[in-house]
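Novice: Quick one: this structure, given as structure tokens, is what I'll be asking you about.
The values are calculated or read from the model by the stated rules, or taken from the named source; none is laboratory data. Note that the coordinates shown come from a computational prediction; the quantities given were computed from them, not determined experimentally. Positions of Cβ are backbone-derived with ideal geometry, glycine not excepted, and every protein chain shown enters the neighbour counts.
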Amino acid sequence: MINKIWFFLIFIGIITAILTGNMEAVNQAILNDSQEAVKFTISLIGIMSLWLGIMNIAKKSGIITFLCKLLKPITMKLFPKIPQNHPAMNLIVMNMITNMFGAGNSATALGIKAMQEMDKLNHRKNTATNAMCMFLVINMSSIQLVPLTVVKIRSDLGASDPTDIIGSALVATTVSTIVAIISVKILERGDKL
């Protein structure tokens, strides 16, 4: 569905550019922005590799299991229908930790795996469970202790102090996560997993 929406938006944009005589601007934007997108993507490989490596080491060394036990009271409240020893719970915790350190791009792979594991518990395959909705909302709002990607972008753009947003990012993301969790809990239905 999203592919159709993107195609429609691009198609309408190109038709509008043709009708208004702005095709040169479209061509220039395509060339410049696609080049910038490739540069940006390549520049994120280092951060993503680092955090995926750290998460794999943490998982193999037992740190993730320890953090799961530490976060058990919280995760039991947030995801009451997921068994605490289920693989989804470890992936959820790994995703949350990676997001907290601002490596959201690295957290995506963990988030997809967590959703796949939660889907194994889902009895209605065409409907998201309460746990899936909660995870998605926490993943999207995600408390940021150190927003690495944003700090890197600010550093690349020449900010005098790229880390000066850490405090405000922490406050904003904490509030957004609390509001998101409360909203999901209000909207949850008890009959679903």
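Novice: Tell me, yes or no, whether region 89-107 has at least one residue that is free of Cβ contacts under 8 Å to residues at least 12 places away in the same chain and either among the aromatic types (F, W, Y) or not in a helix (DSSP H, G or I) (or both).
Specialist: no
Novice: For region 32-51, indicate whether the set of residues that are out of contact with any Ser or Thr (no Cβ under 9 Å at 6 or more places or on another chain), of a type in the set (K, R) and either free of Cβ contacts under 8 Å to residues at least 40 places away in the same chain or surrounded by fewer than 13 Cβ atoms within 10 Å (Cβ to Cβ) (or both) is non-empty.
Specialist: Yes - at least one qualifying residue is present in region 32-51.
Novice: Can I57 be described as modelled with pLDDT of 85 or more, exposed (fewer than 15 other Cβ atoms within 10 Å of the Cβ) and among the β-branched types (V, I, T)?
Specialist: Judged against the criteria, I57 is a match.
Novice: What pairs come up if the first residue lies in region 160-188 and is outside any helix (DSSP H, G or I), the second is among the β-branched types (V, I, T), and their beta carbons are under 9 Å apart, counting only those six or more places apart or on different chains?
Specialist: Close Cβ pairs satisfying both conditions: P162/V150; P162/V151; P162/I153; T163/V146; T163/V151; I165/V150; I165/V151.
Novice: Would you mind stating whether T127 is of a type outside the set (A, V, I, L, M) and outside any loop (DSSP other than H, G, I, E, B)?
Specialist: no
Novice: Then there's this: Taking region 10-30 only, how many residues are surrounded by 10 or more Cβ atoms within 10 Å (Cβ to Cβ) and free of Cβ contacts under 8 Å to residues at least 12 places away in the same chain?
Specialist: 14
Novice: Among the numbered criteria (1) in contact with a Lys or Arg (Cβ under 7 Å, 6 or more places away or on another chain); (2) free of Cβ contacts under 8 Å to residues at least 12 places away in the same chain, which single criterion is violated by N130?
Specialist: Every listed condition holds for N130 apart from (2).
Novice: Could you check how many residues of region 63-95 are hydroxyl-bearing (S, T, Y) and within 20 Å of the chain's Cα centre (by Cα)?
Specialist: 1
Per-residue answers, yes or no, for (1) surrounded by 15 or more Cβ atoms within 10 Å (Cβ to Cβ); (2) not hydroxyl-bearing (S, T, Y):
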{"site": "T127", "(1), (2)": "no, no"}
{"site": "P147", "(1), (2)": "yes, yes"}
{"site": "S155", "(1), (2)": "no, no"}
{"site": "G158", "(1), (2)": "no, yes"}
{"site": "P162", "(1), (2)": "yes, yes"}
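Novice: Would you be able to say whether some residue in region 133-152 is of a type in the set (D, E, K, R), within 30 Å of I165 (Cα to Cα) and touching a residue at least 40 places away in the same chain (Cβ under 8 Å)?
Specialist: yes
Novice: Count, please, the residues in region 167-180 that happen to be hydrophobic (A, V, I, L, M, F, W, C) and surrounded by 17 or more Cβ atoms within 10 Å (Cβ to Cβ).
Specialist: Here the count works out to 2.
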